[in-house]
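Report on one structure; see the data block that follows.
The values are calculated or read from the model by the stated rules, or taken from the named source; none is laboratory data. Please read all numbers here as calculations on a predicted model, not as lab measurements. Here the Cβ positions follow ideal geometry from the backbone for every residue, glycine too, while neighbour counts run over all protein chains shown.
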Amino acid sequence: MNSILLDTSFCIRLLKSNDDLHQNAKDYFKYFLEKKIEIYLSTIVIAEYSVKDTPANLPLEFVKIIPFDFFDGKTAGEFHSVLLENKELVKEIGRDIVKDDCKLIAQIFNRGIQGYITKDRQSFSKFFAPIHASKGFSIELLDMEIPLNVFKGELF
């Protein structure tokens, strides 16, 4: 994996020192930097993060900001259409969450980003599966609840 998109849940925990997953987020971020993995941050994530904190606090000097553009909108619409065929899944997860995550998946797809890190891996996996089946692309999903040493297969 040579590129990763950060989820809003990751950004929140990276900057919230009293969060249970703060250390995991810090460890992963340091790992991405050390391994020279390109770190992407979507303007969608910035908008979501801005609800509770100023985006100036985000580690902007270490990430590539990607805008949500016309092509992302087109792709996101196609992905959302795939998910609407499974109304129970959309209902279970929540329409607004699905809409926003389709936008992020579109950015990953359109830019060839290889990885995505989130706290919400389980729900993301659920609705990514039909998109994967329909469009035939995959990404490496990192679950920030799994400590970095476990992800890397290290004992300590």
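What to note about this one:
- Evaluation of I4 against (1) closer than 24 Å to G112 by Cα; (2) under 13 Å from the mean Cα position of the chain (by Cα); (3) part of a helix (DSSP H, G or I); (4) modelled with pLDDT of 95 or more (one fails), failing number: (3)
- Against the conditions (1) surrounded by fewer than 23 Cβ atoms within 10 Å (Cβ to Cβ); (2) touching a residue at least 40 places away in the same chain (Cβ under 8 Å), L5 satisfies every one except (1).
- Tallying residues that are surrounded by 14 or more Cβ atoms within 10 Å (Cβ to Cβ) and more than 17 Å from the chain's Cα centre (by Cα) within the range 15-29 yields 2.
- The single condition among (1) over 23 Å from Y28 (Cβ atoms); (2) surrounded by 13 or more Cβ atoms within 10 Å (Cβ to Cβ); (3) at pLDDT below 80 that S125 does not satisfy is (1).
- Cross-chain or 6+ apart pairs with Cβ under 6 Å, the range 135-156 first and in contact (Cβ under 8 Å) with a residue 24 or more places away in the chain and among the acidic types (D, E), then surrounded by 14 or more Cβ atoms within 10 Å (Cβ to Cβ) and not in a loop (DSSP other than H, G, I, E, B): E140/G115; D143/R121
Every residue, every condition in (1) closer than 22 Å to E145 by Cβ; (2) assigned to a helix (DSSP H, G or I); (3) at pLDDT 95 or above; (4) aliphatic (A, V, I, L, M), yes or no:
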residue	(1), (2), (3), (4)
C11	yes, yes, yes, no
L14	yes, yes, yes, yes
S17	yes, no, yes, no
D20	yes, no, yes, no
A25	yes, yes, yes, yes
Y28	yes, yes, yes, no
Y31	yes, yes, yes, no
A47	no, yes, yes, yes
D53	yes, no, yes, no
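- Test: residue in the range 66-89 that is basic (K, R) and at pLDDT below 95: yes
- Of the residues in the range 144-155, at least one is at pLDDT 90 or above and crowded, with 18+ Cβ neighbours inside 10 Å.
- Between S134, S138, the distinction of being among the polar types (S, T, N, Q) and part of a helix (DSSP H, G or I) belongs to S134 only.
- Per the conditions (1) farther than 16 Å from S134 by Cβ; (2) more than 18 Å from the chain's Cα centre (by Cα); (3) exposed (fewer than 13 other Cβ atoms within 10 Å of the Cβ); (4) at pLDDT 95 or above, the sole criterion not satisfied by L60 is (2).
- Sub-9 Å Cβ pairs linking a first residue in the range 25-44 that is within 20 Å of E154 (Cα to Cα) to a second residue that is in a helix (DSSP H, G or I) and of a type in the set (D, E, K, R), at least 6 apart or interchain, are A25/R13; K26/R13, ordered by first then second residue.
- Test for F68: is it under 17 Å from the mean Cα position of the chain (by Cα), among the aromatic types (F, W, Y), within 16 Å of F109 (Cβ to Cβ) and not in a helix (DSSP H, G or I): yes
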